Amino acid sequence: MPVFKHPQILIASNLTDGEVVFLGSSGWERDHRRARVARKAEEATALEALGKRDISANHVVDVYLADVEIGSDGAPTPLHYREKMRVKGPSVRLDLGKQAGEGAL
Amino acid sequence: MTAVDLRVAQRPNAPMTTYRYDEYDAAFVSERVAEFREQVNRRLSGALTEEEFRPFRLMNGLYLQLHAYMLRVAIPYGTLTARQMRRLADIADKWDKGYGHFTTRQNLQYNWPKLVDTPDILESLADVEMHAIQTSGNCIRNVTADHFAGVAPDEIEDPRPTAEFLRQWSSLHSEFSFLPRKFKIAVTGAEHDRAAILVHDIGLRIVKNDEGEIGYQVVVGGGLGRSPFIGKVVGDFVPREDLLAFLEAILRVYNRFGRRDNKYKARVKILVHEKGIDEIRAAVEAEFAAMDRSVFAHDPEEFERIAAFFAPPPYESLPATSALLRAAKLETPAFANFVDVNVGAHKIPGYAIVTVSLKPIGGVPGDATSDQMRVLADASERFGFGELRVSHEQNIILPHVRQDDLFALWSMLDAASLATANAGLVSDIISCPGLDYCSLATARSIPIAQAISKRFSDMSRQRRIGKLGVKISGCINACGHHHVGAIGILGLEKKGQESYQITLGGDPTFSASIGEILGPGVTAEQVPDVVEHLVDYYLAEREEGEAFIDTWRRIGHARFKDVLRREGEDGADI
Amino acid sequence: MALISDGRFIEDAWRRLADEEALPKSGKFIVSLPRLEHAVEVLGPTATFGVIVPNTTEPSALIAALPRLDLISIAFPAFADGRGFSLARLLRRAQFKGELRASGRLVADQYPHAIGCGFDTIEIPDDLADRQDEEQWRAALNAYSMSYQRGYAGRGSILEARRKAVRS
Ligand code: HEM
Ligand code: SF4
């Protein structure tokens, strides 16, 4: 089991449209700031179990935990540049993706 | 009268410069769409798990990327009709976000389709005789060819009938759809290789023997990716009637003995490397000898039937040079630059081949908006028999334009921001999507291309530098061909940051070579500086008529390395 | 395990022998490859038996036994491992006329591929059969009316059809 260093959120892709989604307290959210944050290894394991359940239920695919930091407003932001990209959209097309208000952001 | 003739007769305006489906092709593609629609339904219902569905969606060009699904549409041997180009534009508007990305393997990628919409997209493609079959997956991929096919003065034979012949043969092949890994075939029929055949799983070069008969030199085991290899000759002269049998023999050897224990070692290049080309050649020859070749016996009629579609368009007989063109060049310097850089010799007097660059300064290499696609379609109809090509440099080609029409064409392109005069120059950069779209990426590549392009935005400086291939990949998979860039750039991750490794001396043509590493990785901000230093050093050292790669080959890698080291010590910011 | 033949789930008339089981006197049974040589030696000419082989088997290892075998089952360790398709082709080329069976986690969509390469039947685990019912297998079988290859079994060849059209 990997060491638990940072708080984590669960990221996935929505099966039907491929959009990036985050597990929130009542289902999958299109806005990462509404993601449920795991602050302990057990909580992360619990998130993963929910992810597995929703893979089996054919709601989401490509599910994994991503490290985040918690901002002053209490909302999580991914630490790695790859996931930073995923919560926004292509850096070369600021007019597209979540950063442009598509999806729910 | 055959079924084929009937279909073409129904469309008197259809240009004949590319293959047209007959009733069998049309039925096959629509069955493929119906099958995929069912596969999507079964995926949604859970009859197929994601693991089971993945190979089937990939075999239809559907990936899951960073932000959305991605659909890769085949443009077989890079040839498109105006009608097909318009359809690509319409699909971009209706089901995507108004643009598409032309790739190095003569495909078009849509970055935002929904899974549930893809069957409709495929149906719309089928309507214009297009598909996404085998644009991904561990099968025989879209067969590519020289983008100047049929019009290049240095051609022995148009490679497209061969490519079409192979496209059909490889479609949903019973035996070779679950190979150890993907399998890419490229064909060229010219003296100069514009299809990068030496870095494909199989490269075919059409050759003539001493008796004047046409055959194929067959090269196997080239590839890029994390371990780049130049292909090796497995058959020196394979007569046309044996081509399918010979390829089938290679594929069978690969299917049986290619490694499946490690996906990074599963390509045929690794098999060839580990066993040696002699052992592979022996195995292929033994398999070939054991086959009942009468089954494959290629019918000349079938080849002729296909070849007839690629007959030359009705050219006019024109003087070799155009007075109109000469006058327009004198009058409009920007046009003169365009002609000098983007226009090439055509085998027919009075005609020219025009490269439309999809690399505007600071733009996204290979991207075209739906409006631009429509302009290109219109331009091809007005000035080029309604035919377009996609090059592996991610540009669009109008293959037959009257020299007299060049100025009018240029004006039309210029109005649509499509007249960048940089074909083959330092800002004509090949770049993969990188981390802006790709889920496998370790770093971004498009912003690097944009920064270099902006650094060299002075077009007269670019022309002074001359031919220079800059190629960028966002990870070791090398989709941006960085190994064969005269300057190659590979995006990696180093300590949680994007980092770029630079190589020099790559060459994708018959004189193929794999680039050598320049030194430790640099940051994104440093890349344009490094490229600029390298280019300045080349300019200082080059002899008359030398391109960057020639100077590098003459004076050697070490000297270029030294330059950077010296610059670094001087405190320059690299 | 479920067995598919001609697009239907059917009763399996064959029994797979465990290696410690003695060779039966009658009935249709399948032995493992290591036991094949022994089986060929001791069984009379009227015995009906088959063999299950890994997909890496060299066809030459089976050549001597071919005339005695009524069934060859080729194991598919993973559905994406296509070696079994080539092995089937090679066994058909060696004139094997008995039942050729693909055994493993094949999915319905591979049915036409299997038929094309010379397989007669497909044997899949029950959990897979639960998700992919008979109808899906039948649909897969009929997904394509013709194929672009020549010399593969099953569907008609487009090349042949065109050749006929040209020559008639
Ligand atoms: C965006 C999604 C893409 C994914 C996930 C992807 C995936 C891959 C992978 C995994 C490889 C390495 C294969 C190996 O070494 O076995 C590869 C190679 C390659 N891809 Fe892509 N690719 C993508 C986009 C592209 C694009 C946009 C192009 C064309 C511009 C392209 C053209 C190539 C080429 C030319 C190679 C190297 C040649 C070779 O196969 O060895 N790919 N790709
Ligand atoms: S090279 Fe890497 S980053 Fe670029 S498209 Fe290929 S897989 Fe993606």
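The values are calculated or read from the model by the stated rules, or taken from the named source; none is laboratory data. Owing to the predicted nature of the structure, the values given are computational and were not obtained by experimental measurement. Glycine gets a Cβ as well: all are built from the backbone with ideal geometry, and neighbour counts include every protein chain shown. SASA here: full protein model, heavy atoms, side chains in, ligands and nucleic acids out. Shrake-Rupley method; radii C 1.70, N 1.55, O 1.52, S 1.80 Å.
Along the charge dipole of the range B:151-308, which of B:Ala249, B:Ala186, B:Leu224 sits closest to the positive end, that is, farthest toward it, with unit charges on the beta carbon of Lys, Arg, Asp and Glu (+1, +1, -1, -1)?
The one lying farthest along the dipole's positive direction is B:Leu224.
Can you give the charge dipole size of chain A about its Cα centre, rounded to the nearest 20 debye, using +1 on the beta carbon of Lys and Arg and -1 on the beta carbon of Asp and Glu?
That gives chain A a dipole magnitude of about 160 debye.
Return the sequence-ordered ³J(HN,Hα) values of the range C:61-76 in whole Hz as given by the Karplus equation 6.51 cos²θ - 1.76 cosθ + 1.60 applied to θ = phi - 60°, using x for Gly and Pro.
5, 10, 3, 4, 8, 3, x, 8, 8, 9, 8, 10, 10, 9, 7, 10
Run down the aspartates and glutamates and flag those whose C-alpha is under 12 Å from the C-alpha of C:Lys164, throwing out any fewer than 8 positions away in its chain.
B:Asp299, B:Glu301, B:Glu302
Among B:Lys269/B:Lys347; B:Lys265/B:Lys359; B:Lys329/B:Lys454; B:Lys97/B:Lys471, which pairs are too far apart, with a Cα-Cα distance over 28 Å?
From the list (B:Lys269/B:Lys347; B:Lys265/B:Lys359; B:Lys329/B:Lys454; B:Lys97/B:Lys471), the Cα-Cα distance tops 28 Å for B:Lys269/B:Lys347; B:Lys265/B:Lys359.
Setting aside same-chain residues fewer than 8 positions from A:Lys52, which lysines have a Cα under 28 Å from its Cα?
Hits, sequence-local ones excluded: A:Lys5, A:Lys40, A:Lys84, A:Lys88, A:Lys98, B:Lys114, B:Lys263.
Just to confirm, what accessible area per residue do you get for chain C at 1.4 Å probe, in whole Å²?
Normalised by residue count, the accessible surface of chain C is 44 Å².
Expressed in nm to one decimal, what extension gain is obtained for the pair B:Ala320 and B:Ala289 from 0.36 nm per residue of sequence separation less their Cα-Cα distance?
My answer for the length gained is 6.2 nm.
Can you give the relative contact order of chain B as a percent, counting alpha carbon pairs under 8 Å and 6+ residues apart?
Value for chain B: 12 percent.
Once you keep just the Cα pairs under 8 angstrom separated by 6 or more residues, what percentage relative contact order results for the range C:2-167?
19
Taking +1 at the Cβ of each Lys and Arg and -1 at the Cβ of each Asp and Glu, which of B:Pro239, B:Phe56, B:Gly78 sits farthest along the dipole of chain B towards its positive end, judged by Cα position relative to the Cα centre?
In chain B, that residue is B:Phe56.
Compute for chains A and B the buried accessible surface, both sides summed, probe 1.4 Å, and express it in Å² to the nearest 100.
Separately minus together, A and B give about 2200 Å² buried.
Sorted from largest to smallest, which semi-axis lengths in Å does the alpha carbon gyration tensor of the protein assembly as shown give for its equivalent ellipsoid, taking the root of 5 times each eigenvalue?
Square roots of five times the eigenvalues give 45, 36, 27 Å.
Ignoring ligands, DNA and RNA, how much accessible area is buried between chains C and B, both sides summed, with a 1.4 Å probe, to the nearest 100 Å²?
4000
Please identify the cysteines of chain B that lack any partner cysteine with a Cβ under 4.7 Å from their own Cβ.
Flagged as lacking a Cys partner: B:Cys139, B:Cys438, B:Cys475.
Could you work out the helix-only [θ] at 222 nm for the protein assembly as shown, with each DSSP H run of four or more residues adding -39,500 (n - 2.57) and the total divided by the number of residues, to the nearest 500 deg cm²/dmol?
Roughly -10500 deg cm²/dmol at 222 nm, from the helical runs in the protein assembly as shown.
From Cα pairs below 8 angstrom and at least 6 apart in sequence, can you work out the relative contact order of the range B:3-127, rounded to a whole percent?
Relative contact order comes out at 25 percent.
Can you list residues from other chains, or at least 5 along the same chain, whose modelled amide H is less than 5 Å from the amide H of A:Ala35?
Distant-sequence amide H within range of A:Ala35: zero hits.
Quick one: what do you get for chain B if you divide its Cα Rg by 2.2 N^0.38 Å?
0.95
When the convex hull of the C-alpha atoms of the range B:3-127 is computed, what volume per residue in Å³ does it have?
Cα convex hull per residue, to the nearest whole number: 113 Å³.
Using the Kirkwood formula over every pair of different C-alpha atoms, what hydrodynamic radius in Å results for chain A?
13.9
Checking buried surface per residue: for the range B:177-204, which residues lose a minimum of 40 Å² accessible area in the protein assembly relative to the chain alone (1.4 Å probe)?
Going by heavy-atom accessible area, the residues of the range B:177-204 that drop by at least 40 Å² are B:Phe178.
With all protein chains present and a 1.4 Å probe, how do B:Ser457, B:Ser174 order by accessible area, largest first?
These residues rank, largest area first, as B:Ser457, B:Ser174.
I'd like the GluC sites (Glu not before Pro) in the range C:15-78 restricted to DSSP loop residues with at most 14 other Cβ atoms within 10 Å, sorted by number.
C:Glu20, C:Glu21
About the Cα centre, and with charges only on the beta carbon of Lys, Arg (+1) and Asp, Glu (-1), how big is the dipole of the protein assembly as shown? Nearest 20 debye, please.
Using Cβ point charges on Lys, Arg, Asp and Glu, the protein assembly as shown gives about 700 debye.
Can you check what the Kirkwood hydrodynamic radius comes to for the range B:148-257, Cα pairs only, in Å to one decimal?
14.4
When the Karplus curve 6.51 cos²θ - 1.76 cosθ + 1.60 is applied with θ = phi - 60°, which whole-Hz ³J(HN,Hα) does each residue of the range B:482-488 get, with x for Gly and Pro?
Once rounded to whole Hz, the list reads 4, 4, 10, x, 4, 10, x.
Only counting protein heavy atoms at a 1.4 Å probe, give the residues of the range C:135-159, ordered by number, whose accessible area falls by 20 Å² or more when the other protein chains are present relative to the chain alone.
Checking the loss per residue gives C:Gln136, C:Ala143, C:Tyr144, C:Ser145, C:Met146, C:Tyr148, C:Gln149, C:Arg150, C:Tyr152, C:Arg155, C:Ile158, C:Leu159.
For the range B:151-308, with only Lys/Arg (+1) and Asp/Glu (-1) charged at the beta-carbon, what is the dipole magnitude about the Cα centre, in debye rounded to 20?
It works out to roughly 1360 debye.
Would you work out which of B:Met412, B:Thr104, B:Leu518 lies farthest towards the positive end of the dipole of chain B, given +1 charges on the beta-carbon of Lys and Arg and -1 on that of Asp and Glu, about the Cα centre?
Farthest towards the positive pole: B:Leu518.
Taking amide H positions as placed in the peptide plane 1.01 Å from N, state which residues far from B:Gly386 in sequence (5 or more) or on other chains have amide H under 5 Å from it.
B:Glu381
Count, for each residue of B:45-53, the Cβ atoms from other chains sitting within 10 Å of its Cβ, then give me the mean as a whole number.
6
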